[in-house]
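Just so it is clear, none of the values below were taken in a lab; they were calculated from the coordinates. Since this is a predicted model, take the numbers as computed values, not measurements. Cβ placement follows ideal geometry from the backbone for every residue including glycine, while neighbour counts extend to all protein chains displayed.
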Amino acid sequence: MPSRSGDAPSLGAELGVDGVLLKQILPNCALHEHRVSGDDRGSLISLQTTAEIPFEIKRVYVVYDTKPLVERGHHAHKSLEQWIVCVAGSCMFTVDDGIERREVLLDNPNKGLHIGNGIWREMRHFAPGTALVVLASTLYDLEDYIRDYDDFLAYARGEMVR
Ligand code: TYD
């Protein structure tokens, strides 16, 4: 599989000086802490390509108004990298590289979840009012999705996937 664990340094090593690696969750998935600019008016987080985000941001989308008990995701991407910020509420991510499966709670805008390519993700337990801002490294491309878990496992083992 292209640029997975073993081929590349850990994602945390790519991050610039403006962020802190909180936890390397999988070789290709890491949780970061954002620098928060705050004063008596409130708080602000700025995320720029190269300063905090280790890829060129080509697309931004927002997931919000998620209904109770809904699960989202259940797919992997062959190339896409994402940086996910929970700007309101909370939700639980499951990330899986075909070898290990980990859970990550996003519950504060000061956290950024960097999901590299080749990671299966599921989202659940959305609190009411949750909003996720997703920074993406590519334009929307249906061909980049792997939506079947068995196909994902084959992809993770380096086998061809349709
Ligand atoms: P989907 O991939 O099912 O979202 P999730 O992975 O969060 O469960 O996308 C939901 C809908 O939004 C689907 O109709 C495709 C559309 N969509 C776009 O048009 N552009 C995008 O960048 C994304 C991520 C989704």
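Here the alpha carbons of the chain define both size measures, Rg and Dmax, at 15.5, 55 Å. Under the convention that each Lys and Arg Cβ holds +1 and each Asp and Glu Cβ holds -1, the size of the dipole of the chain around its Cα centre is about 200 debye.
Here the simple spin-label model places points 7 Å from the Cα toward Cβ, and for residue 90 and residue 71 these points are separated by 2.0 nm. When the chain is treated as a Gaussian network with alpha carbon springs shorter than 10 Å, the biggest mean-square fluctuation among 39, 96, 107 belongs to 39.
Arranged from fewest to most other beta-carbon atoms within 10 Å of their beta carbon, 105, 153, 69, 135 become 69, 105, 153, 135. With a cap of 16 neighbouring Cβ atoms within 10 Å, and only residues DSSP puts in a loop, list the GluC sites (Glu not before Pro) found in the stretch 79-128. For GluC sites (Glu not before Pro) across the stretch 79-128 that sit outside H, G, I, E and B with at most 16 neighbouring Cβ atoms in 10 Å, the list reads 100.
Taking the stretch 76-120 and a reference point 7 angstrom along Cα→Cβ of residue 157, the backbone N atoms nearer than 15 Å belong to 98-100. If the segment from residue 36 to residue 150 were pulled out straight at 0.36 nm per residue, it would be longer than the present Cα-Cα gap by 37.0 nm. Length gained on full extension, residue 78 to residue 102: 6.7 nm, using 0.36 nm per residue less the C-alpha separation. Put a dot 7 Å past the Cα of residue 140, heading toward its Cβ, do the same for residue 48, and the two dots end up 2.9 nm apart.
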